[in-house]
Amino acid sequence: SVNPMLKKITNLHIVSILSILVIFSCYRNKSSKSQFNVLETTIAEVHLAFEKGELTSRQLVEIYLARIQAYDQSTKLNAIVVVNPNALKIADELDAEYKKTGLLRPLHGIPIIVKDNYDTYDLPTTGGSLAMKGSIAPDDAFQVEKIREAGAIILGKSNMAEWAFSAYKTESSIAGVTRNPYDLSRVPAGSSGGTAAAVAANLALAGLGTDTGNSIRGPSSHNNLVGIRSTMGATSRDGIIPLMLRNDIGGPFARTVEDAVRIYEVIAGYDPNDPITERSQGKIPEDYLQYLSLNNLKGAHIGILRRYIDTATANPEIVTLTEKAIADLKAAGAIIVDPFDIPNYDELIDGIWCNVFQHDVNSYLASLGENAPVKSLQEVKDSGLYLPYIEKMIDGSLKKTVPPDERDPICIDLYHSPKNIAFSKAVNDAMDAANIDAFIYPTWSNPPRLVGDMESPAGDNSQYISPHTGMPAITVPSGFTKNGLPAGITFIGRHFDEPRIMGYVYAYEQQTSHRKSPPGFAQLSK
């Protein structure tokens with residue numbers, strides 16, 4: 001028989017040896033992969049790592065794909081609808097190009113998540129609807145084409161509120177419910193919640209989404225991100241499944257102002273397939289990054305739109321965070337005009353929304369040609385392939401049979417519809433009277449709701465001013481509630497004044513540094 005003491009020592013040795021082998025195995029696995037840390041990384045940091053030979057595009061894509069596999073379904077985040085099966089092949093091609101030329105394109109090798117209402121020639125575009133399952137557009141949306149030309153890799157498509165019908169939640173018949181990475185019992189807002197959740201959780205470096213009422217800025221705020229809604233006409237809407245084309249804007253989601261601006265710089269400008277972008281000609285700088293300075297807030301005249309702060313339903317913690325943001329702006333040298341308001345606001349916005357969904361989506365479906373899985377909104381209705389929560393919107397849209405340009409009030413674009421012209425003039429006149437360059441308000445007056453809660457105050461503040469004047473709006477993180485839920489503030493400026501607003505949000509971001517990874521996603525790998 002074996003001596004008990006000897007047996008104990010032998011067992012200890014075996015455990016020690018096994019421990020060493022495990023540590024060595026982990027070290028080998030870690031060493032065999034790139035040591036580059038993607039958590040909270042930026043475009044500039046990635047490109048610097050490329051230049052130093054510390055990282056390749058393939059390695060970067062592998063890391064993000066591993067994070068999607070590890071985190072997206074196991075945590076029930078559910079941000080991703082489909083992963084691009086050619087992402088690694090494209091990365092290899094970009095690596096070969098860089099090796100040959102020594103030149104990096106503006107978004108060279110940058111993995112980007114795209115909302116599932118952007119056309120992509122190589123991936124399905126469904127708008128979150130089972131009625132559109134497997135639909136492949138004949139070509140890319142203009143913005144997708146531009147980021148690809150700049151070297152970006154479409155890593156995958158993100159979940160969205162079905163047909164973009166909700167600003168409050170991201171739920172679709174094609175992919176189910178997306179959750180907020182800062183608290184998986186909470187919503188990421190909508191309709192671009194999948195893009196926001198993915199970027200916030202570091203499943204991609206940045207993303208594209210769309211905003212009809214608040215669907216870039218809302219999810220950005222709920223997920224501690226920067227989101228840009230441009231001037232109407234500064235960016236193309238071509239190849240994006242419309243909700244209300246007269247209000248729709250596509251734009252970037254990013255963890256930093258600089259990254260959002262880098263992407264915006266690529267997608268902004270004239271597109272002959274979207275006539276409203278003619279207004280951008282001569283108004284788009286070649287270099288937006290030159291406007292990002294730490295001193296941009298010094299002497300800036302900024303109004304405080306109190307109507308979205310001093311409300312009975314505003315969450316006290318959000319109000320406190322907003323007041324702190326105002327104090328931070330003042331400390332950075334801004335001249336604060338408080339309060340600022342728009343005379344006759346309620347009368348001006350009354351009845352300003354025009355439901356043009358049926359007209360616009362039927363036009364989009366026609367653009368797909370014979371390969372469209374459905375040919376009209378009526379066919380979507382007849383198919384029954386949608387979630388119950390959007391049925392009321394579908395039914396209401398089907399009743400709108402009069403063309404937009406024949407309606408009363410007229411439902412044509414923002415620059416020609418009398419109601420929109422009057423509202424835009426009122427906002428600009430109020431800014432002139434107050435002698436301000438921009439104004440701010442909390443993007444949401446309340447923190448993210450619990451999943452399934454559609455009754456408590458939402459606090460959605462962004463459905464009117466920017467969407468119905470066409471003025472640019474950017475949201476930037478403003479901090480967290482005591483239980484770790486993100487908040488944001490929105491800056492609004494005059495038409496085509498993006499450079500000034502970008503400068504303001506950059507200076508504010510750099511002074512406050514509110515961006516933090518969601519705790520449950522803050523490890524490099526699971």
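The values are calculated or read from the model by the stated rules, or taken from the named source; none is laboratory data. On a predicted model such as this, the values are computed, not experimentally measured, just so you know. Virtual Cβ from ideal backbone geometry, glycine too; neighbours counted across all protein chains shown. Note: accessible area is taken over every heavy atom of the protein model, side chains too, but ligands, DNA and RNA are not part of it. Shrake-Rupley method; radii C 1.70, N 1.55, O 1.52, S 1.80 Å.
Miscellaneous remarks
- Mean separation of Cα contacts under 8 Å, 6 or more apart, over the residue count of the chain: relative contact order %: 17
- Region 272-396 - charge dipole about Cα centre, Lys and Arg +1 at Cβ, Asp and Glu -1, debye rounded to 20: 360
- Between the exposed loop cleavage positions of the chain, defined as GluC sites (Glu not before Pro) in a non-H, G, I, E, B DSSP state with at most 15 neighbouring beta-carbon atoms within 10 angstrom, the longest gap is 55-285.
- Shown are 353, 163, whose ranking by accessible area with a 1.4 Å probe and every protein chain present, most to least, is 353, 163.
- Among the trypsin sites (Lys or Arg not before Pro) found in region 399-471, those both in a DSSP coil and sparsely packed, with 13 or fewer other Cβ atoms within 10 Å of their Cβ, are 399.
- Selection from 254, 293, 277 lying farthest towards where the dipole of region 254-298 points positive, charges on Cβ: 293
- Cleavage-rule hits, trypsin sites (Lys or Arg not before Pro), region 103-206, DSSP coil, Cβ neighbours within 10 Å at most 12: 133
- Sum of side-chain charges, residue 344 neighbourhood, beta-carbon under 13 Å (Lys, Arg +1; Asp, Glu -1): -2
- What the Cα atoms of the chain give is an Rg and a Dmax of 24.1, 99 Å.
- Heavy atoms of the protein chains alone define the surface here; on that basis the chain has 40 Å² accessible area per residue at 1.4 Å probe size.
- Other residues lying with their Cβ under 10 Å from the Cβ of residue 41 contribute a combined charge of -2, Lys and Arg counting +1, Asp and Glu -1.
- On Cα atoms only, tilt of 257-267 relative to the major axis of the chain in degrees: 70
- Added length on full extension, which subtracts the Cα-Cα distance from 0.36 nm per residue, residue 382 to residue 294: 26.2 nm
- Helix 57-67 and the long axis of the chain differ in direction by around 90°, with both axes built from C-alpha atoms.
- A DSSP coil position with no more than 15 other Cβ atoms inside 10 Å describes the following trypsin sites (Lys or Arg not before Pro) in region 266-316: 298.
- Pairs spanning more than 23 Å between alpha-carbon atoms, out of 375/399; 146/283; 76/157; 99/157; 169/324; 89/157: 99/157; 169/324.
- When all protein chains stay in place and ligands, DNA and RNA are ignored, the 1.4 Å accessible-area order of 121, 415, largest first, is 121, 415.
- Residues whose placed amide H lies under 5 Å from that of residue 337, excluding near-sequence neighbours: 302, 303, 304
- Cα gyration tensor category, rounded, prolate or oblate, for region 162-296 with a/c compared to 1.5: oblate
- On the principal axes of its alpha carbon atoms, region 296-380 extends 59, 31, 26 Å, with the longest extent given first.
- Placing unit charges on each Cβ (+1 for Lys and Arg, -1 for Asp and Glu) gives region 122-202 a dipole about its Cα centre, and among 182, 192, 132 the Cα reaching farthest toward its positive end belongs to 182.
- In a simple Cβ point-charge model (Lys, Arg +1; Asp, Glu -1; nothing else charged), the chain has a dipole of about 2180 debye relative to its Cα centre.
- Length released on extending from residue 51 to residue 483, taking residue separation times 0.36 nm less the Cα-Cα span: 151.5 nm
- Within the chain, DSSP assigns beta bridges of which about 70% are antiparallel (rounded to the nearest 5).
- Cβ-based net charge around residue 482, under 13 Å, with every Lys or Arg adding one and every Asp or Glu removing one: -2
- With every protein chain in place, region 357-414: carbon and sulfur % of accessible area (1.4 Å): 52
- Helix axis angle, 418-434 relative to the chain longest principal axis, alpha carbon, degrees: 80
- Dipole-positive endmost among 84, 404, 235 within the chain (Cβ charges, Cα centre): 84
- Overall, the ratio between the Cα radius of gyration of region 446-526 and 2.2 N^0.38 Å, rounded to two decimals, is 1.34.
- In region 426-488, the portion of solvent-accessible area held by carbon and sulfur atoms comes to 50 percent [1.4 Å probe, whole percent, DNA, RNA and ligands not counted].
- Counting only protein heavy atoms and a probe of 1.4 Å, the accessible surface of region 242-282 is 45% carbon and sulfur.
- Between region 126-163 and region 342-402, the alpha-carbon center distance in angstrom: 20
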